Every structure is written in structure tokens, then in C-alpha cells.
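So the structure is just underneath, and the comments pick up after that.
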Amino acid sequence: MLSRRAALALAVAFLLSILVAVAAEPDAGVSAPFGLTWGMSSEEVRKTGAQLTANAGRSEFGAAFTATDLSKVLSDTESVFLFFGYKDKLWRIAAAGHPMGPNPSGSQAVSRYQELATVLSDRYGRGLETDIRDREMWKGPNEYVMSLRQGRAFRYTNFHSTNVDVELSVRAADSDKAYYLILFQYGPGAREFEADKKVHEKDAL
Amino acid sequence: MKKTFVTIVAAVALSASVAAAVVHGAGPSTAELDVEIASIKTEIAAADAQAALYSGGLILAQTQLRVTILKNTLAMLEQKRASFLRGITLNYQEPTPRISAPFDDAAAISELDKARGDAKATQREAAMYSGGLIQTMALVREATAKTTEAAIEQRIAFMKLGIPLPFLSGTNLPVPKSPGKTTSDKNAL
């Protein structure tokens, strides 16, 4: 027969193991941008009234869809892409703004980028900005968008919260139009996706 | 025995010529691109030097336009060259069927010759005067002809590299669906 103290210790250990298991499970139900919830399935997204169109071609992030009729989006968002990995769980979102221009200096897109950076920092904490400029070829003030387009300049800010990583950047649509791109990635979902990807690749070989 | 040997040699020679034809047909070589890049850089330097002579006006605007076209061509050539060096296959796809008619190589070269001839003629005409309105007008025509020349050179480079010609925007483009109901930045994010 176990003593009373030993039985209590066993019960505590059992409860702790349950708590650890629950904590290790990716926590579905965390609110995501655009009225979505991290971890929801594509069917659950459709039930909110949104329409999903499967993206043609291969996605390096698992099942990928272009979403329309979302319950809330930014006023100048052109496209929203949702990624569900291999297990049909939302773990990555990309939102691209309308190309702004003709504006070869990129001032309109940069101004919008700065506005969004402020809003994102309120929610996800202070971001870390990288601003690399072309100092050789496309260095004129009216050549900034061209330098972005040619991959000779980069401007982006990374935000890290407990569960969500965000990257906000300015991109070039062509030589005189730029737009913002926001990438949201749910940490537990990303880890799950990476593990699934390894299994998927192993199976494929 | 001798017949078999001759057959093998002929087969090897045929394979080599087919392989050479395939490689040649795959696009311009790095050496060819280097020559074109050097040529475009020289043209940019010359156009920059010409632009530096003016502080404003139509000739400067035309020259700056030419510099921009040349820089675009240079960027594209450098991109193509980098793709070769890094072993990346660079494909340019048209989002919609092209609206402009398929470009004829011979016609492009003929247009280029004409633009070059016009530029030289107006250059000679401008050199006949030491100033005044007639010289200014000749210089404007020369700058226009040189811009046309740069644009045709770009079209020829596009053709060589298999890059689709730019299409006219605003026609037959699908209307994108709205991503959703717009709200404030804070609420959406």
C-alpha cells in the first residue's frame, strides 16, 4: 500500500504532466489579423464568409490560398494569402498593399510603411528595422523604387511577440510603384510546419 | 571494321553539333552579355556627361529619359548575367497575352539604323551653328533621336533575352476581387 504522501506526490506529478502536455500543444484560438484565428482550418475560414482560392503552383509553405471577402482588412490591402501547412492549420498570412504610384521616390509607400510600423509595434512590440540603400547605381532620390526592384535596396522591420513574428517591408511592383508587404507567422504553427515538412520530405525521398 | 569506326565518328560529330546548337540556342553567352553590358555602360557615361551640360529644359529631359532607358537595359542584362553565374533559370512570364504585335528582328535593326542616322544628321546640323534657336532645335532633335535609339536598343536586348515586350496597361485586365471589408489599421491587424 502507498502511503498518503506518496499518493499525493503521484497525483501532483500526474496533473503536472497533463499541464505540460497541454502547454506543448500548439494553442489554437489565438487571434490572428484580418478577423482570423491561428490554427483554424481552411473550412473554418470559409465558414466565416471568406472565399478561398487555391493558389496555382507549388507553395513552400504547404497549402496556400488567396482570400477574399474577409471580415476585416486594411483599407489599401490588395491581396491576402493564407498558408495552412500540411495539416490544414492556419500558420502564416501575407498581406500585400496596392502598388502606389507612379512615385519613383517611393515616398508614398514608405509613408504608409511607417504608419503600419507604428500600429504593428503597438500590438507586437517594438520592431527592429533594416534599411539598406543602393549607394552605387540607383542612388538618386527618384530611383529608390528602382533600387528596391533590382534588389539593391531593402527596407523592412521585424516584430517579435510571444507567439507571432511579423515582417513589414516595402517592395517594388515595378520601376516606379511600391507597396507594403506584411508577413505574419504563428510561432507554434511554424514549428509544427517545419516538423511536418521534414517528415514530408523524408517520405518523398 | 573501318566502316564501323567511320559510323561512330560520324555519330559523335553529329551529337556534338546538335549539343552545340542546343547550347547556342539557349540564349546569349556570358561573354556576349559582358560585351553588351560594357557597351551600355559606355552609353550611360556618355549620356550622363551630356546631361551635365544642361541645367534644365527639353534637351536635359530627353537625355535623362535616355539614361533611364539605358539603366533599365543595364539592370536587366546584369540580372541575366547574374542568373547564369548562379545557375538560376530566369524566366520572364507575361501575366496576360501581349497586346503589342510580335516584334520583327529585321524591322527593329532597320529602325535602329534610322534612329542612329537621324541622330548623326542632327548632330552635324547642330555643329554648323555656334548658338541660337536653330542650333537649339537641332540639339533637341538629336536628343530625341538618341532617346529613340536607346529605346530600340532595349527592345532588341529584350528580344535577344526572350523577355516579353511590355504590354499596354488598362485593357483586358481582370478586375481584382476585394480582399474583404475595410476597417481601421488597428482593428484589422
Could you grab me the full set of residues in segment A:159-178 that are touching an Asp or Glu at 6+ places or on another chain (Cβ under 8 Å) and at pLDDT below 95? A:Asn163
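Kindly evaluate A:Ala50 against the criterion of being within 14 Å of chain B (Cβ to nearest Cβ), among the aliphatic types (A, V, I, L, M) and touching a residue at least 12 places away in the same chain (Cβ under 8 Å).
Numbers: within 14 Å of chain B (Cβ to nearest Cβ): yes; among the aliphatic types (A, V, I, L, M): yes; touching a residue at least 12 places away in the same chain (Cβ under 8 Å): yes.
Against the criterion (within 14 Å of chain B (Cβ to nearest Cβ), among the aliphatic types (A, V, I, L, M) and touching a residue at least 12 places away in the same chain (Cβ under 8 Å)), A:Ala50 qualifies.
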Just to verify a result, which residue in segment A:171-200, among those that are in a helix (DSSP H, G or I) and hydrophobic (A, V, I, L, M, F, W, C), is farthest from A:His98 (Cα to Cα)? A:Val199
Selection over segment A:114-141 where residues are within 14 Å of another protein chain (Cβ to nearest Cβ), in a loop (DSSP other than H, G, I, E, B) and either within 15 Å of A:Asn158 (Cβ to Cβ) or at pLDDT 95 or above (or both) yields a count of 2
Flagged in segment A:60-82 as touching a residue at least 40 places away in the same chain (Cβ under 8 Å) and more than 14 Å from every other protein chain (Cβ to nearest Cβ), in numbering order, are A:Phe61, A:Gly62
Search result, residues across segment A:67-113 that are small (Gly, Ala, Ser) and not in a loop (DSSP other than H, G, I, E, B): A:Ala67, A:Ser71, A:Ser79, A:Gly85, A:Ala94, A:Ala95, A:Ala96, A:Gly97, A:Ser107, A:Ala109, A:Ser111
Go through segment A:142-170 and count every residue that is more than 10 Å from every other protein chain (Cβ to nearest Cβ), touching a Pro at 6+ places or on another chain (Cβ under 9 Å) and closer than 30 Å to B:Lys41 by Cα. 2
Tell me yes or no: at least one residue of segment A:141-156 is among the small types (Gly, Ala, Ser) and closer than 27 Å to A:Trp38 by Cβ. no
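Pick from segment A:51-82 the residues that are within 20 Å of A:Tyr186 (Cβ to Cβ) and in contact with an Asp or Glu (Cβ under 9 Å, 6 or more places away or on another chain): which of them is surrounded by the most Cβ atoms within 10 Å (Cβ to Cβ)? So that I can check it myself, show each step before the final result.
Of all residues in segment A:51-82, those within 20 Å of A:Tyr186 (Cβ to Cβ) come to A:52, A:55, A:59-67, A:70-74, A:77, A:79-82.
From what's left, in contact with an Asp or Glu (Cβ under 9 Å, 6 or more places away or on another chain): A:62-63, A:74.
Values: A:Gly62: 18, A:Ala63: 19, A:Leu74: 26.
Filtering segment A:51-82 for residues that are within 20 Å of A:Tyr186 (Cβ to Cβ) and in contact with an Asp or Glu (Cβ under 9 Å, 6 or more places away or on another chain), the one surrounded by the most Cβ atoms within 10 Å (Cβ to Cβ) comes out as A:Leu74.
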Is it the case that some residue within segment A:66-75 is over 20 Å from B:Lys181 (Cα atoms) and either under 15 Å from the mean Cα position of the chain (by Cα) or modelled with pLDDT under 95 (or both)? no
Matching helices (runs of 4 or more DSSP H) fully within segment B:73-189 where at least 2 residues are within 14 Å of another protein chain (Cβ to nearest Cβ) and modelled with pLDDT of 65 or more: B:185-188
Failed item in (1) out of contact with any Phe, Trp or Tyr (no Cβ under 9 Å at 6 or more places or on another chain); (2) surrounded by fewer than 16 Cβ atoms within 10 Å (Cβ to Cβ); (3) modelled with pLDDT of 90 or more; (4) within 28 Å of A:Tyr86 (Cα to Cα), with A:Glu201 passing the rest: (3)
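The values are calculated or read from the model by the stated rules, or taken from the named source; none is laboratory data. What you see is a predicted model; the values in this text were computed from it and never measured. We place every Cβ from the backbone using ideal geometry, glycine too, and count neighbours over all the protein chains shown.
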